[in-house]
Amino acid sequence: MPLVTNILPVIGVPDSDWGEAVKVVVELNAGMNVTEAELIALCKAELGSLRTPKSVDFVEMLPRSPNGKVLKRAIRDRYWEGHSRKI
């Protein structure tokens, strides 16, 4: 059984150095446990350093449309609240 749901939204979030950094938001499957460091290490091994997210957030449930599609805009908007510039 996989650790995470098969849909992992990758979004850009504010970063003071680069303007925007890559973050993945993870919904773990029931009974599963993994750390941010473990997921980042797995991504580096599978994708390489350039494609690896810089951070990971864990949520109980990802926001979805009535069709079941993950609403990336709703996830992304949460991180950009209070920022005047949205890249």
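Looking across the stretch 21-47, not a single residue is more than 15 Å from Leu62 (Cβ to Cβ), crowded, with 17+ Cβ neighbours inside 10 Å and charged (D, E, K, R).
In the stretch 52-77, the residues that are farther than 22 Å from Ala30 by Cβ form Cβ pairs under 6 Å with partners that are of a type in the set (Lys, Arg), at six or more places apart or across chains, as follows: Thr52/Lys44; Pro53/Lys23; Ser55/Lys23.
Ile40 satisfies every condition listed in (1) closer than 17 Å to Val13 by Cα; (2) hydrophobic (A, V, I, L, M, F, W, C); (3) modelled with pLDDT under 90 except (3).
The values are calculated or read from the model by the stated rules, or taken from the named source; none is laboratory data. Here the structure is a predicted model, which is why all the values come from computation and not from measurement. With ideal geometry, Cβ positions are generated from the backbone for all residues, glycine too; neighbour counts draw on all protein chains shown.
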